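Worksheet: one structure, shown below.
Each reported figure results from applying straightforward, stated rules to the coordinates on display, with no laboratory input. The structure displayed is predicted, hence computed values, not measured ones. Cβ coordinates were reconstructed from backbone atoms using ideal geometry, including for glycine residues, and neighbour counts include every protein chain displayed.
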Amino acid sequence: MPWVEFTRVFRWRATPNTSTRYAAGTRKNVTRRCAEKAIATGAAVKIEAVKGAEGEADADEDPQSGAT
């Protein structure tokens, strides 16, 4: 599954009855089909894998976390 960064709002419909909305600036590991569609429509760019769970920076890399 590729990592992408959404450059604008993107709504992914995995099935006719479900959808997921990704906000601009979101970095996520998504399915290949989702990534291909988002990139093809200009809503995302492929990025390198992001450290930490679900695209969040590790505590020692995040100055907002208060960790040292």
With the 8 Å Cα cutoff and a minimum separation of six or more residues, segment 1-49 has a relative contact order in percent of 50 percent
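Within 10 Å of each candidate Cβ there may be at most 11 other Cβ atoms; applying that plus a DSSP loop requirement, which GluC sites (Glu not before Pro) in segment 1-51 survive? Spell out each step's value before the answer.
On the way: sites: Glu5, Glu36, Glu48; in loops: Glu48.
Of the GluC sites (Glu not before Pro), the ones in loops of segment 1-51 whose Cβ has at most 11 other Cβ atoms within 10 Å are Glu48.
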Around Thr20, under 9 Å between beta carbons, what's the net of Lys plus Arg minus Asp minus Glu among the other residues? +3
